[in-house]
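Working notes for the structure below.
The values are calculated or read from the model by the stated rules, or taken from the named source; none is laboratory data. Remember, it's a predicted structure, so these values are computed and weren't measured experimentally. Ideal geometry is used to build each Cβ from the backbone, glycine not excepted, and the neighbour counts take in all protein chains shown.
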């Protein structure tokens, strides 16, 4: 594995994202909506800041998922469609390095976008006089970024399995939303089911990446409290393991894929 | 580069494509192809559409694994990525990363070859001058004409100062001026001692720039030799030889 090659590819992915309008449009929309919502004052209600936090974080989560999935889903299909994959693979580079490079590029780009979003969030909440632990915000951002690692690697695998970019994007959104909001409750649902459904649901509960581990901590930002470093580090390792598994599967799929 | 050293070596190469559809036969794209291309030559790889030229090139570049036989470049098995360290490749009808400028594209490929930064900048200057894209080096590729894109393609194929260039129909779709420019570049590369292996349907062009040619038909090698020898042997021009070899009756 030549990391130099993967980083060369990642630099192209980042440059592409910087030169496309997606990120800028999403950021401006988030700023406009939260800015507008922040300007409303309901009878001097102190809870308005919490509501603003909730709204703003939801927009940030939504925007980050849109950026991560749509950017990743088109990477390998675009290489094949525009035939840039041919001069690329004619260089001393392996398909594994291409897959890893695409992952790193999308992940770095999403990380940079998250920094912009979270800094904006922190400044806006502070300006509104809301309480905010910058340490918790930082950890929540790291968890968010870790989750995007799983989503990006999953989307990369999808781009090799599904025939069209739009199908991959739709399927990824459905899977991610499903796991995000229902994944952690799957165990409880399984308990109430007869066999063999119970076993199937339990197996699913343990096999799928539990994205809720990364989403739920945002409650600390909204309602206060501190996020533990130990929890965050464990969750990051968990994300790393799933990302590595999806990347390995992507490499196996790409290795066998005909280029034409 | 010694002219006796085999740069490309194909030994009883066979490539089959299995159809995924039921009842469809396996297609033999290349059958028992043995060929040697020596250093410093411009070698024309000819054949009608579907003859197996691009498949052979795809094997040489490691895109397709041979079903039988072997292929090597500089005595290294083509399946090893390192075999591609000393080659430059220009595919047919390729669109490069449109959001990059020509110099960014070349920097990207230079990074893969681990060319030091100072050397990269020198090479970019030289190559962009060679392919006459100096004036447009800071413009995004999406603003280039077709001819300019093809020359950007040639530039990326040259960034590692390759000893072997594999060009798949390098003048395809270009206007006469564009073709002439690409031909001039191939000649200059030959003068620098590079080996050029290229496919083309432009037989006049092949006759002008190639030292040796091979004609492939239905996956099999039909003719191989120097252009002069073949023209003496058949007492006619390359186009007539080609038509005869591929079985076009009116030419016979």
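So in the range B:156-168, with the set limited to residues that are within 11 Å of chain A (Cβ to nearest Cβ) and over 14 Å from the mean Cα position of the chain (by Cα), which one is farthest from residue B:134 (Cα to Cα)?
For the range B:156-168, the residue satisfying everything is B:160.
Hey, can you tell me all the residues within the range A:179-238 that are within 18 Å of residue A:153 (Cα to Cα) and exposed (fewer than 12 other Cβ atoms within 10 Å of the Cβ)?
Those that are within 18 Å of residue A:153 (Cα to Cα) and exposed (fewer than 12 other Cβ atoms within 10 Å of the Cβ): A:207, A:237.
Does residue B:174 fit the bill of being over 14 Å from the mean Cα position of the chain (by Cα), outside any helix (DSSP H, G or I) and more than 20 Å from residue A:92 (Cβ to Cβ)?
When the stated conditions are applied, residue B:174 passes them.
Within the range A:1-82, considering only helices (runs of 4 or more DSSP H) that don't extend past its boundaries, which have at least 3 residues that are in contact (Cβ under 8 Å) with a residue 60 or more places away in the chain and within 13 Å of another protein chain (Cβ to nearest Cβ)?
A:3-19, A:48-81
Which residues, counting only those in the range B:64-83, are within 26 Å of residue B:190 (Cα to Cα), free of Cβ contacts under 8 Å to residues at least 60 places away in the same chain and touching a helix residue (DSSP H, G or I) at 6+ places or on another chain (Cβ under 7 Å)?
Passing the criteria: B:76, B:77, B:78.
Can you pull out the helices (runs of 4 or more DSSP H) entirely within the range A:168-260 that have at least 2 residues that are within 30 Å of residue A:126 (Cα to Cα)?
Ranges flagged: A:212-215, A:218-223, A:229-255.
Among the residues of the range B:198-216, is there at least one that is buried (at least 16 other Cβ atoms within 10 Å of the Cβ) and closer than 22 Å to residue B:127 by Cα?
yes
Does the range B:7-24 contain at least one residue that is touching a helix residue (DSSP H, G or I) at 6+ places or on another chain (Cβ under 6 Å) and within 14 Å of chain A (Cβ to nearest Cβ)?
Checking the range B:7-24: at least one residue is touching a helix residue (DSSP H, G or I) at 6+ places or on another chain (Cβ under 6 Å) and within 14 Å of chain A (Cβ to nearest Cβ).
Here are B:145, B:118: which of them is out of contact with any helix residue (DSSP H, G or I) (no Cβ under 9 Å at 6 or more places or on another chain) and without any contact (Cβ under 8 Å) to a residue 40 or more places away in the chain?
Testing whether each residue is out of contact with any helix residue (DSSP H, G or I) (no Cβ under 9 Å at 6 or more places or on another chain) and without any contact (Cβ under 8 Å) to a residue 40 or more places away in the chain leaves just B:118.
Does the range B:89-112 include one or more residues that are at pLDDT below 90, more than 9 Å from every other protein chain (Cβ to nearest Cβ) and closer than 30 Å to residue B:51 by Cβ?
The answer is no, given that none of the residues of the range B:89-112 is at pLDDT below 90, more than 9 Å from every other protein chain (Cβ to nearest Cβ) and closer than 30 Å to residue B:51 by Cβ.
Of the conditions (1) more than 14 Å from chain A (Cβ to nearest Cβ); (2) surrounded by fewer than 18 Cβ atoms within 10 Å (Cβ to Cβ); (3) within 20 Å of residue B:166 (Cβ to Cβ), residue B:35 clears all except one; give me its number.
Result: residue B:35 fails condition (2) only.
Looking at the range B:73-85, which of its residues are touching a strand residue (DSSP E or B) at 6+ places or on another chain (Cβ under 7 Å), surrounded by 18 or more Cβ atoms within 10 Å (Cβ to Cβ) and facing chain A (nearest Cβ under 9 Å)?
B:83
So in the range B:59-72, with the set limited to residues that are more than 11 Å from every other protein chain (Cβ to nearest Cβ) and surrounded by 21 or more Cβ atoms within 10 Å (Cβ to Cβ), which one is farthest from the chain's Cα centre (by Cα)?
By that ranking, first place goes to B:66.
Residue check, residue B:47 against (1) at positive phi; (2) without any contact (Cβ under 8 Å) to a residue 60 or more places away in the chain, all met but one. Which one?
The failed condition is (2).
So for the range A:157-173 (the condition being under 30 Å from residue A:52 (Cβ atoms) and modelled with pLDDT under 90), does at least one residue qualify?
no
I'd like the full set of residues that are surrounded by fewer than 16 Cβ atoms within 10 Å (Cβ to Cβ) and free of Cβ contacts under 8 Å to residues at least 24 places away in the same chain, limited to the range B:92-115.
The one that is surrounded by fewer than 16 Cβ atoms within 10 Å (Cβ to Cβ) and free of Cβ contacts under 8 Å to residues at least 24 places away in the same chain: B:114.
Hey, any hits in the range A:87-104 for a residue that's more than 30 Å from residue A:1 (Cα to Cα), assigned to a helix (DSSP H, G or I) and in contact (Cβ under 8 Å) with a residue 12 or more places away in the chain?
no
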